[in-house]
Structures are given as structure tokens and as C-alpha cells.
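Only one structure is covered here, and it is reproduced in the block below.
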Amino acid sequence: MPTRDFSEFDLINERYARRWGSQIIIYGRPCSSLSYEACKDYATRLHRSVDQARSRHISISGWKARTESKELITLKLIAAQLDEALRLWKDIIIVKKNRASCVPNYSPDIRDVQICDALDSLSMLEKTVEAIGIPHHERLFIDQYRDDGTECECRQCAPSADEIRQLWFTAQIAHAEVAQKTPALFERVFSELRRLATTL
Ligand SMILES: [Zn+2]
């Protein structure tokens with residue numbers, strides 16, 4: 001079974017790794033591979049879906065409807081989160097073109113923390129989409145390497161206890177400023193890593 005090679009990636013926690021050159025992010029457990037260009041195309045299609053959902057809602061409820069459908073609200077939230085992730089991602093592509101981080105295989109860049117946070121929200125919203133059953137909705141996060149029915153065993157999906165402890169140790173130093181200035185963001189992005197590091 002193929003497994004991912006993380007030697008050319010900078011990680012921040014157990015669920016986010018950005019490849020040098022910044023065009024690819026591996027997100028989630030199980031992991032999904034996201035490319036910047038594909039996400040940009042996906043955003044264009046998503047904005048089109050928002051427009052279609054809006055027209056559908058107007059045709060059902062009329063122009064003067066004061067409320068929006070659950071479908072429309074959810075799609076709009078997803079589009080806004082994705083736009084935010086893409087804005088930060090584009091920024092990081094410009095700054096870090098073809099450069100590895102100064103810390104080996106670890107990113108001390110706050111933008112990676114913010115992108116991870118935006119992807120977390122996106123992933124939660126995608127679960128909402130599944131729960132409310134929006135027709136023809138295309139998923140952004142697609143689990144990889146699952147064709148044969150087995151689970152991915154890459155470093156992100158199945159990290160060793162040592163790797164987790166090392167990541168948590170580095171995160172506390174590299175993102176000390178995040179912890180100090182925006183503790184809620186630090187908590188959202190790193191609490192699972194801390195939990196794993198103290199229980200594995
Ligand atoms: Zn994996």
C-alpha cells in the first residue's frame with residue numbers, strides 16, 4: 001500500500017502539513033491531499049452553487065423572503081471559510097515559494113495555524129452538509145488511499161507516540177506567541193495534539 005512521504009513537508013500539528021513550495025496541504029485524519037489550484041477551482045464551483053441555491057430559494061419563497069434556507073446559509077458559510085483559507089494560503093505561497101521552514105519539518109508561521117483553523121471549520125461544515133443532505137454537493141475533503149478498503153497508515157494518520165510528543169514540544173515553542181496573544185485559536189488548533197501527547 002502506498003504511503004505518504006512527509007520529508008518535504010512542514011507540519012504544525014497532528015492534522016496539518018504543508019509541502020515546501022506551498023501548493024499542497026495534507027489535512028485531516030484520515031488525511032486528504034489538497035492542492036491550491038484545485039481548491040481555487042472548487043471555490044469557483046461553490047460560489048456558483050450558492051447562486052443556484054439562492055435562485056432556488058427565491059423561486060420557492062419569493063423575493064421578499066426574510067429568511068434564507070438552511071442549504072443557502074450552509075453553502076454561504078462554506079464559501080466564506082474557503083475564501084478565507086485561500087486568502088491565507090495565497091499569502092503563504094507568495095512568501096514561502098520553494099522554501100523550507102527554518103525549523104526542520106515544522107512551520108512556525110502563524111498563517112499555517114490560521115489555515116488549519118479555517119480548514120477545521122470547513123470540515124465541520126462539510127459534515128453539516130452531509131447531515132442536512134444538500135443535493136449534488138461536491139465534497140472538498142476526500143479521504144485518500146482508501147480504494148482497497150484499508151486505512152491509510154501515513155505519518156499523519158498513524159503517527160508514532162514519539163512523533164506526537166515531538167510535535168507538541170515544538171508547537172509550544174514555535175507558536176508561543178499564538179498561545180499568548182490568541183489563546184482561543186491556540187486551543188482550537190493544538191488541544192488535540194496536547195491531548196494525544198499526554199495520553200499516547
Ligand atoms: Zn494518511
query: From largest to smallest, what semi-axes in whole angstrom does the chain give when each is the square root of 5 times an eigenvalue of its alpha carbon gyration tensor?
result: 33, 19, 17
- request: Identify the chymotrypsin sites (Phe, Trp or Tyr not before Pro) of the stretch 5-71 meeting these criteria: DSSP loop state and at most 10 other C-beta atoms within 10 Å of the C-beta.
  value: 63
message: Place a point 7 Å from the Cα of residue 150 along the Cα-to-Cβ direction; which residues of the stretch 1-40 have their backbone N under 14 Å from it?
response: 1-4
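Filter the DSSP H helices in the chain by two things, a Kyte-Doolittle mean of at least -1.0 and an axial alpha-carbon span of 30 angstrom or more, and list the hits by number.
Membrane-span-like by this rule: 36-61, 70-96, 110-132.
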field: Selection from 9, 49, 82 lying farthest towards where the dipole of the stretch 3-90 points positive, charges on Cβ
entry: 49
- prompt: Where nothing but the Cβ of Lys and Arg (+1) and of Asp and Glu (-1) is charged, how large is the charge dipole of the stretch 9-199 around its Cα centre, in debye to the nearest 20?
  reply: 660 debye
statement: Under the 7 Å Cα-to-Cβ spin-label approximation, residue 90 and residue 44 lie apart by a distance in nanometres of 1.3 nm
task: Specify the inter-centroid distance of the stretch 41-57 and the stretch 88-133, based on alpha-carbon positions, in whole Å.
output: 23 Å
query: With point charges of +1 on the Cβ of Lys and Arg and -1 on the Cβ of Asp and Glu, referenced to the Cα centre of the chain, which listed residue (119, 28, 105) lies farthest in the positive direction of the dipole?
result: 119
message: Could you tell me the center-to-center distance, by alpha carbons, between the stretch 156-179 and the stretch 8-34 in angstrom?
response: 14 Å
message: Among 86-92, 44-50, how do they line up by average Cβ neighbours within 10 Å per residue, starting with the highest?
response: 86-92, 44-50
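Values in this text are rule-based calculations from the coordinates and carry no lab data. Since the structure is predicted, the reported quantities are computational estimates derived from the model, not experimental observations. Here the Cβ is made from the backbone with ideal geometry for all residues, glycine too, and neighbour counts use every protein chain on show.
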